[in-house]
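Working notes, structure below.
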Amino acid sequence: MFTTKANYLYVEPTSHCVLKCPRCPRTYSPESYSPNHLDLNVYKDFIQSKYFGNLDYVEFGGNLGDPIYHPEIISFISVTQEALPSTKVVIHTNGTQGKRKWEDMVNQLRGIDIVLFSVDGLEQSNHHYRVNSNWELILEGMRISAKKCHTVWKYIVFSHNQHLIEEAIKLAKQLDIKTFLLTKSSVFNGDWLVDGIDPLAPTANWQFNPSVDNFEKPTISARCQNQSMHYLDSNGRYSPCCWINTDNNFCISASGPDFIEKTLNGEVLRNLKESWSSGSPHSICGRKCRDSSNNQKRSSHSQLEINLNQEINVIRDMVEDFSRSS
Ligand SMILES: C[S@@+](CC[C@H](N)C(=O)[O-])C[C@H]1O[C@@H](n2cnc3c(N)ncnc32)[C@H](O)[C@@H]1O
Ligand code: SF4
Ligand code: SF4
């Protein structure tokens, strides 16, 4: 479903969020950004570019915030649907709505659209990572969304929830959710130890360890090539992807009538592309898009996408196989 081969635009409508997930950069590195909302007019101009006519997905999420906290998120959705009627809109959210009602947002979504809830556990455990989350609001959102749109429960495995996976899957089925995205994270890399132990780390079989091949001259299989991937951050800056957006040199202000054309054919991206074949690519490209037989492992996570229409026994076997895979 979320294949990297698809044409997609990833948008960060806001860097605001009411949660404090400890391993999100907005929590552990608050000095590195100032919270702000993307201007709706900047987005409107951007989405109407001829380059985006064939997008499969417009995803609202981002590196730093949660789209549901943009006061005009419903207008962002409607502007996208008007400009690109056959493109699917995807919302990545922690599910804890603020002042708005879930109903109001879901009313603007269509059957082809997707709401992906980042919920890592059940009532007694989700808040151990999703600090400040509200279980009642999450459940309400999931229920309402599942009636109208393709609804996904994304579950990152931590120490506090690894024993609750099956229970969460059963609840997801009861709520009529269609997909469960079980995720092994790579954040348990030794940077967060307390007395030699990472308190959030699940057992080793639930951690993702990207392999570190040491090629002398790595070549790059760029996921952003052929203009199939784009990122717009809450400051109105364009980058080819959300990873490279963490380097200011590759964040280009999205303004002016010929902006996209100038950017995609401009010097900054030309230099980046040249670096891919030079043998010394940008370090982020080297980590995320290095060409190797193991290219799948370049991500920061590994995921199992479970279709919840299947019997629980079948799902149980899939989960067990996934827990054994490295
Ligand atoms: C920064 S969040 C922004 C979107 C939204 N606020 C959310 O949490 O889903 C972007 C993605 O990072 C994921 N994420 C957050 N903490 C993570 C972790 N420790 N390991 C892997 N992915 C993580 C979220 O689940 C989400 O899919
Ligand atoms: S909900 Fe998303 S944006 Fe908010 S703190 Fe957690 S990971 Fe970061
Ligand atoms: S990490 Fe580099 S090569 Fe990969 S998608 Fe981003 S910009 Fe392109």
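Throughout, read-outs are computed from the coordinates displayed, never taken from laboratory work. Note that this is a predicted model, so its numbers are computed, not measured. Virtual Cβ from ideal backbone geometry, glycine too; neighbours counted across all protein chains shown.
Annotation for region 104-156 versus region 14-88: alpha-carbon center distance of 17 Å. In the chain, the convex hull through the Cα atoms has an average projected area of 16.7 nm², a quarter of its surface area. Excluding same-chain residues fewer than 8 positions from Lys99, which lysines have a Cα within less than 23 Å of its Cα? Leaving aside lysines fewer than 8 places away in the same chain, those within reach of Lys99 are Lys20, Lys147, Lys148. When the chain is treated as a GNM with alpha-carbon contacts under 10 Å, the residue of Phe158, Phe259, Phe208 showing the greatest mean-square fluctuation is Phe259. Figure legend: label point modelled 7 angstrom from the Cα of Arg316 along Cα→Cβ; residues of region 154-184 with amide N under 19 Å from it are 162-174, 180, 182.
For the chain, relative contact order (Cα pairs under 8 Å, six or more residues apart, normalised by length) works out to 19 percent. For the residues Tyr57, Tyr69, Tyr33, a GNM of the chain with alpha-carbon springs under 10 Å puts the largest fluctuation on Tyr33. Between Leu193, Leu122, Leu269, the residue with the greatest mean-square fluctuation in the GNM of the chain (Cα pairs under 10 Å linked by springs) is Leu193. Could you name the aspartates and glutamates whose alpha carbon sits less than 19 Å from that of Lys184, not counting residues in the same chain fewer than 8 places away? The qualifying aspartates and glutamates are Asp120, Glu166, Glu167, Asp198, Glu305, Asp317, Glu320, Asp321. Straight-line reach only, C-alpha to C-alpha below 19 angstrom: list the aspartates and glutamates that Lys101 could link to, leaving out same-chain residues fewer than 8 apart. Qualifying aspartates and glutamates at Cα under 19 Å: Asp66, Glu72, Asp113, Glu136, Glu140. Selection among Leu175, Gly141, Leu55 by position relative to the dipole of the chain gives Leu55 as farthest towards the positive end (Cβ unit charges, Cα centre).
For region 225-237, 3J(HN,Hα) computed residue by residue from phi via the Karplus equation (6.51, -1.76, 1.60; θ = phi - 60°) reads 5, 6, 6, 9, 9, 8, 9, 10, 8, 6, 8, x, 10 Hz, glycine and proline entered as x.
Model label points for Arg270 and Glu305, set 7 angstrom from Cα along the Cα-to-Cβ axis, are 3.7 nm apart.
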